[in-house]
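What follows is a single structure, written as structure tokens, with notes after it.
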Amino acid sequence: MFPVGRYTGAFHPSHGAPVKYHSLVIGRLSVQLETEAAFNVWVAGHRPPDAGRPWRRADVAEAAERRLGVAEPDALIDEFLTDGLLVEVDPADPDAVEFARAHRVWPLMLPLGNTPDDPLRHGIGLFGSEPVLRVPTLVNDVWMWSSTGGSLWDVCVAFASAGARAAVDDEREHDPRYVLAEFLGGLQELIGISAACLDEAPRR
């Protein structure tokens with residue numbers, strides 16, 4: 001399960017007034033979540049850093065209900081899946097390619113490189129601070145260049161093509177489907193710490 005959209009803040013109609021709605025940007029549209037329950041279900045779609053496992057619908061429902069106090073969140077989850085604010089995809093499923101064609105990824109933090117002690121994992125975070133996350137090279141590279149393509153699938157195809165031209169030793173990386181599956185395995189973690197967000201790809 002992945003949340004879609006970039007959070008742009010809470011709107012207060014006047015000084016001291018409670019939040020009227022929370023705002024997301026998806027594509028060129030601003031989307032308003034007008035209840036705290038709706039906002040909390042969208043928040044629950046973000047996998048916590050300590051989850052240690054793929055974040056599925058049951059996890060979203062449990063987090064919304066037990067951690068964020070949303071009563072009966074399943075109706076909102078269904079609504080969000082229909083409207084595209086949440087999307088459910090298995091990295092190993094052939095439909096993952098259609099998901100990747102329909103979405104793009106925006107990096108929201110900075111690449112901080114690797115270290116001599118851990119050359120195969122790359123830090124992500126903010127300048128002047130310790131990395132908030134370390135990810136494998138493939139995940140880092142696709143994340144870092146994810147905004148350069150029209151869709152996530154375009155980026156995976158370009159990455160695989162570049163690997164084939166450079167004769168990358170791991171020939172699996174010459175296959176964009178393999179690249180996509182590996183990247184999706186790390187994308188929940190990237191979104192969960194706000195190092196990336198998922199957006200709709202522009203329609204062609």
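The values are calculated or read from the model by the stated rules, or taken from the named source; none is laboratory data. Since this is a predicted model, take the numbers as computed values, not measurements. As a convention, Cβ positions derive from the backbone with ideal geometry for all residues, glycine included, and neighbour counts pool all protein chains shown.
A few comments on the model shown:
- Checking P111 against (1) within 17 Å of I191 (Cβ to Cβ); (2) not assigned by TED's automatic domain parsing to the domain that holds T148, the condition it does not meet: (2)
- Scanning the stretch 168-180 for residues that are surrounded by fewer than 19 Cβ atoms within 10 Å (Cβ to Cβ) and either in contact with a helix residue (DSSP H, G or I) (Cβ under 9 Å, 6 or more places away or on another chain) or closer than 24 Å to D93 by Cα (or both) returns V168, D170, E171, R172, H174, D175, R177, Y178.
- Identity of the residue in the stretch 1-35, of a type in the set (K, R) and free of Cβ contacts under 8 Å to residues at least 24 places away in the same chain, that ends up nearest to L108 (Cα to Cα): R28
- Top-ranked residue in the stretch 124-161 [being in contact with a Leu (Cβ under 8 Å, 6 or more places away or on another chain) and of a type in the set (S, T, N, Q); ranked as nearest to A201 (Cα to Cα)]: S146
The rows are residues; the columns are (1) more than 17 Å from G186 (Cα to Cα); (2) touching a helix residue (DSSP H, G or I) at 6+ places or on another chain (Cβ under 9 Å); (3) at pLDDT 95 or above; (4) not in a strand (DSSP E or B).
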{"residue": "D93", "(1), (2), (3), (4)": "no, yes, no, yes"}
{"residue": "V105", "(1), (2), (3), (4)": "no, yes, yes, no"}
{"residue": "G123", "(1), (2), (3), (4)": "no, yes, yes, no"}
{"residue": "F127", "(1), (2), (3), (4)": "yes, no, no, yes"}
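- The stretch 135-146, residues that are of a type in the set (F, W, Y) and not in a loop (DSSP other than H, G, I, E, B): W143
- Taking every residue in the stretch 140-164 that is in contact (Cβ under 8 Å) with a residue 40 or more places away in the chain and pairing it with any residue that is of a type in the set (S, T, Y) and assigned to a helix (DSSP H, G or I), at least 6 positions away or on another chain, the pairs with Cβ-Cβ distances below 6 Å are V155/S146.
- Evaluation of L110 against the conditions (1) crowded, with 18+ Cβ neighbours inside 10 Å; (2) more than 23 Å from R57 (Cα to Cα); (3) touching a Phe, Trp or Tyr at 6+ places or on another chain (Cβ under 9 Å) shows that the sole unmet condition is (1).
- Residues satisfying the stated conditions in the stretch 36-60, i.e. farther than 20 Å from R6 by Cβ, among the aliphatic types (A, V, I, L, M) and either part of a loop (DSSP other than H, G, I, E, B) or touching a residue at least 24 places away in the same chain (Cβ under 8 Å) (or both): A37, A51
- Which numbered condition A63 fails, given (1) of a type outside the set (D, E, K, R); (2) closer than 27 Å to I124 by Cβ; (3) assigned to a loop (DSSP other than H, G, I, E, B): (3)
- Which listed residue is under 24 Å from S23 (Cβ atoms) and either loosely packed, with under 13 Cβ neighbours inside 10 Å or among the charged types (D, E, K, R) (or both), from R101, R53, R47: R47
- Every residue from the stretch 147-204 that is among the hydroxyl-bearing types (S, T, Y), in a loop (DSSP other than H, G, I, E, B) and on the phi < 0 side of the Ramachandran plot: S151
- Residue count for the stretch 113-147 satisfying the condition of being among the acidic types (D, E) and surrounded by 16 or more Cβ atoms within 10 Å (Cβ to Cβ): 1.
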